[in-house]
Every structure is written in structure tokens, then in C-alpha cells.
1. Using a basic spin-label model with each label point 7 Å from the Cα along Cα→Cβ, how many nm lie between Asp173 and Arg75?
2. Once both axes come from the Cα atoms, what is the angle between helix 105-120 and the longest principal axis of the chain, in degrees from 0 to 90, rounded to 10?
3. On C-alpha positions alone, give me the angle between the axis of helix 357-366 and the longest principal axis of the chain, in degrees, nearest 10.
4. Once the Cα atoms of helix 135-144 and of the chain are each reduced to a long axis, what angle between those two axes, in degrees from 0 to 90 to the nearest 10, is obtained?
5. List the residues, sorted by chain then number, that are 5 or more residues from Gly133 or on another chain and whose placed amide H is less than 5 Å from its amide H.
6. Using only alpha carbon pairs under 8 Å that are at least six residues apart, calculate the relative contact order of segment 188-388 and give it in whole percent.
7. Roughly how compact is the chain, stated as its Cα Rg over 2.2 N^0.38 Å to two decimals?
8. Full-extension gain between Glu53 and Asp19, please, as 0.36 nm times their residue separation minus the C-alpha to C-alpha distance.
Amino acid sequence: MPAPTLTDGVVTLRAHRPDDAQGTFEQCQDPSSQRWTTVPVPYSMADARSFVEEFCPSRWVSDAEWIFAVEHDGRYAGTVSLRNEGDGRAEIAYGSHPAVRGSGVVERALRLLLAWGFEERGIQTVIWYAHVGNWASRKVAWRLGFSYDGLLRRWNPQRGQLLDSWVGTLLRDDPREPRTTWLDNPVLEGDGIRLRPFTDADVPRIVEGIGHADTQFWLSFFPRGFDEEDGRRYVEQVTERLATNHTVTWAWCAEEDDLLLGVVGLHRLSGGEPEIGYWTHPDARGRRLTVKAARLAIGYGFDVLELPRLSGYAAAGNRASWRVLERLGMQRIGVQRGATHTGDGAPADLVGYDLLRAEWAEARSRDADHSSTATPTTESAPPTSAGER
């Protein structure tokens, strides 16, 4: 069958045309396209013409793949397809032109594609794969209602390699909406501090902070000899915990620049005991900044997430971390004996604190007439908490 034309009034799916070659060429020069898809590298204009004039029509003729060009505002915007696996099964595939990324165009295109596949082609199950680390693809699949079904080791072929792959499925009768919570990671600013999402540029600072001898001593759950590979895994874990409704973790810096000075997070949000956790880069110690960063995170937890209570923990010998928790207004609630250990392997007690939302509101009301709500702190050692576990 020829490719039909589908539209929602904003986005149109149609057969590829010869004049799509230029847009295809531009898309396949993009580093993200080359990183996450199987396009040839290098990719030539001849490759683009062959794709739109030969490959795409041949897939329709053989019924192997129902492949559409995406059009938006009269311009080529990408390609989406359902690869026919037989017996009512298909694999979804998609790639966007850099000009439309982040605009919702691809999500609209995929909704059109899925509705057509389920209703017109009798598809019962659609499977989604993405290379591990392709968070943009995973979030689109999440928005469309795909389940996240785990990791397949060395599954996706790409230029002679087999890469680890995420996998998920969408059934014909599944709602086309997220089935789980993906936590937001907004930028927060106040009192000279900015909390923001992580970037790849933060990795060297993460390695310096977590790899420092004092941090290694008090945060014994981090790998010993923390290196660049560990730093990249740390950033990936931060995003994984957002995607699985577990933890919101921010890098924090001064408002006037973007240099990472520490990390603060709200942990165990999907169940259990929500907890504040943090660590500080050596450059920021003794500068009275950690409490300011933690105050912004706590405010988000109580005011936006509407948490009823937050806890915090520090090893019995980590007095700097105690002072941070106490200056945040948290109350000491007890000691868990032998609940952790230090970097030298010695057992250590955990000192527990908590703070109620009502107490936070009362404290803010009392401080309303002050020009600054930040409380000075003098950390001489890296503040830490069990919330970073």
C-alpha cells in the first residue's frame, strides 16, 4: 500500500519526497543523531537521496516497515516508523531534525503513527528500544504510555558494536499517557545560590568533590578511588532516579557563575521516608553556602512536592553535617547505633533529625521581616547525610 497522509492540524505524516533529502542530510550530520541511531558515519548527500528515494519506498513495497516523513510548518522535521514484526507486533523508531527538538513535534507525530498502526494495521503490541543513556527517547516513550521493561545487555547493533538497550512496550488498549511519575528537576534560585540540573561539564567537579579524602571518609557508600567513569555513572543515576520517582538531585552553584560547588537532593520520594542529602565540593567549604542550597531544596520539598516531613542523617563524628541540619531548623530525634561505617571500615552511629512542614512554615513566617533567610554555617569538613545512599 502507498503511504497515507495523516495530520492532526499541526504535524503531518506523509511519504518521503526527493526534496526531503536535504533535511535528512542535515539531521544525519547532527552529533545526537549519529550517537543514538544507526545512520552511517560519515553520511553523504548521496546517502540522503538513496534513503528518501529508494529505501523508504522499498520498505512500503515489501510491507517490512511503515515509514513516514514528518512535516511541520511546511518543512521536513524528521522520520517515524513502525517496523513490521508480524503477528500483530511492531517496533517503533523515530528521529527528529535538530530544528524541532524540544518542541513536541515528534511526540505529535508518534501519536498519529501509533493510532494509525493500532487502528488501520491491526497492531496489538509495539516495542520500543533505545541505547542506554538516550534520555530524550526514553522520555518521549514515557509520555506516550510505554512501560519501561528493563535493560537488555549488548542488544542494539550500531556500527559493529552491540550496545546495552532499554526496552518498553505499549499495548493496543493501553492509555496513551504516562503510567509513572517522572520527577521535575527545576532551576531554583535564592540568597545568591542557584540549584540546577547536572550537565556533562560537571563530571570533573563531581570527581574532585566525591574523590576528596574527607568526602571518601564520610560518604563511604561511594566507590573508593572515585574516577571519571564513576562521575559519569553518577550523573546517569541522577537522571534514572528522576525517571523512577525516587530522588530529585541538584547541582548547586553561585548565581553569578555555573561552577558546581556541591550537590543537594530530596531522596526516597516514591515511598518510605523522604530525606535531605548533600555533599560539598572542597572549594565551597567554610563559605557559608551549604545551608543556603539545602534551604532551597527543602522549600521545594515542602511548598511544591507538599511533603509532610523530611528527615536527615549524619554520622556521629561528622559535626559539620550536624550543624547544617540544625541550622536548617531540623530537630534531633535519636541515634541509630552502628547503622553506617566510615571510609576506613569502622562502624559508626547515625544521628537522626527531622523537620515537619508546619515547622518550616512557622520558621518562614518568623523570618519574613528579615532581609535574608540564610543562616550562617562554618563547615570545616564535608557535610554529608545518609540520603546520598
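Bear in mind these aren't lab numbers, they're just calculated from the coordinates by the rules spelled out. Values in this document were obtained by computation on a predicted structure and should not be read as measured data. So basically every Cβ, Gly included, is an ideal-geometry build from the backbone, and we count neighbours across all protein chains shown.
1. 4.3 nm
2. Once rounded, one gets 50 degrees.
3. Once rounded, one gets 70 degrees.
4. With rounding to tens, the tilt is 70 degrees.
5. When sequence neighbours closer than 5 places are left aside, there are no close amide H contacts.
6. Relative contact order, segment 188-388: 24 percent.
7. The chain yields a ratio of 1.18.
8. Difference between extended and current length: 11.3 nm.
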